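As structure tokens, the structure follows; a few thoughts come after it.
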Amino acid sequence: MARRLPLTKMKSFPLSKVYGLLETGPVVMLTTSRDGKANVMTMSWHTMLDFEPPLIGCVVSNRDYTFEILRKTKECVIAIPTVEIAKKTVEVGNSSGRGGTDKFKKFGLTTLPAACVQAPLIKECYANLECKVVDAAMVNKYNFFVLEVQKAWIDPARKNPRTIHHMGNGIFMVAGRTIKLPSKMR
Ligand SMILES: Cc1cc2nc3c(=O)[nH]c(=O)nc-3n(C[C@H](O)[C@H](O)[C@H](O)COP(=O)(O)O)c2cc1C
């Protein structure tokens, strides 16, 4: 039986599920390219580190094929999908390009050339961020890459992009209503 704290209704929560409480950022796809061959994975473990130039920290597991390519080429694109392509996004994350599978073709995603990196943009995504790895000091210990956004693209036709947010175990929150408050955070 789960232990309860005496005067509260607080219940012990498994440490293995903590990430789902804080995982507010959108699920993204990360594309890479090596020797003219592009690959794509799904990623939800990322965080903003600075405003401008935008710095993003992300964890790419060393079990992923992407890890090798990212470490070698030091370039990628972070493509931000919306709920319309949620199923494809998860399918991309459930399979590996290591065996030569072309996941863009397999899951019906269209690549577009980027301006500053070899990795492709994804046409079906509402935003695409061209990134370079600027700090790999924590890669060996945490698989943590620091990326600097070199160029950002947005689809102006998409007015209310409804991003998807991973809560763990295949459950996703879909971004919806927005509210405006006098926040000092720009
Ligand atoms: C919703 C979702 C979120 C994911 N988030 C991450 C992540 O943040 N970091 C990571 O290394 N893998 C993550 N994955 C797993 C990779 O996308 C998966 O291992 C993928 O097969 C790697 O592809 P690759 O071997 O072609 O690089 C996620 C998968 C899903 C479905």
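A few comments on the model shown:
- For the residues T82, T101, T47, a GNM of the chain with alpha-carbon springs under 10 Å puts the largest fluctuation on T101.
- Debye log10 I(q)/I(0) for the chain, one point scatterer per Cα, at q = 0.17, 0.19 Å⁻¹: -1.14, -1.40
- Within the chain, helix-based [θ] at 222 nm, where runs of 4 or more DSSP H residues each add -39,500 (n - 2.57), nearest 500: -3500 deg cm²/dmol
- Here the label points at S12 and E68, each 7 Å from Cα along the C-beta direction, are separated by 4.2 nm in the simple model.
- Here the relative contact order of region 24-174, from alpha carbon pairs under 8 Å that lie six or more residues apart, stands at 28 percent.
- Here the contact order of region 60-140, divided by its residue count and restricted to Cα pairs under 8 Å and six or more residues apart, works out to 37 percent.
- With a Förster radius of 35 Å applied to the C-beta separation of E91 and K184, the computed FRET efficiency comes to 0.30.
- Taken one residue at a time, the phi angles of region 103-115 give Karplus couplings (6.51, -1.76, 1.60, θ = phi - 60°) of 5, 4, 5, 4, 9, x, 10, 9, 8, 10, x, 8, 8 Hz. Gly and Pro are set to x.
- Sequence-separation-based contact order of region 1-91, relative, with Cα cut under 8 Å and 6+ spacing, percent: 27
Bear in mind these aren't lab numbers, they're just calculated from the coordinates by the rules spelled out. Keep in mind that what you see is a predicted model, and the values were worked out from it rather than measured. Methodologically, a virtual Cβ is constructed for each residue, glycine included, from the backbone with ideal geometry; neighbour enumeration extends over all protein chains shown.
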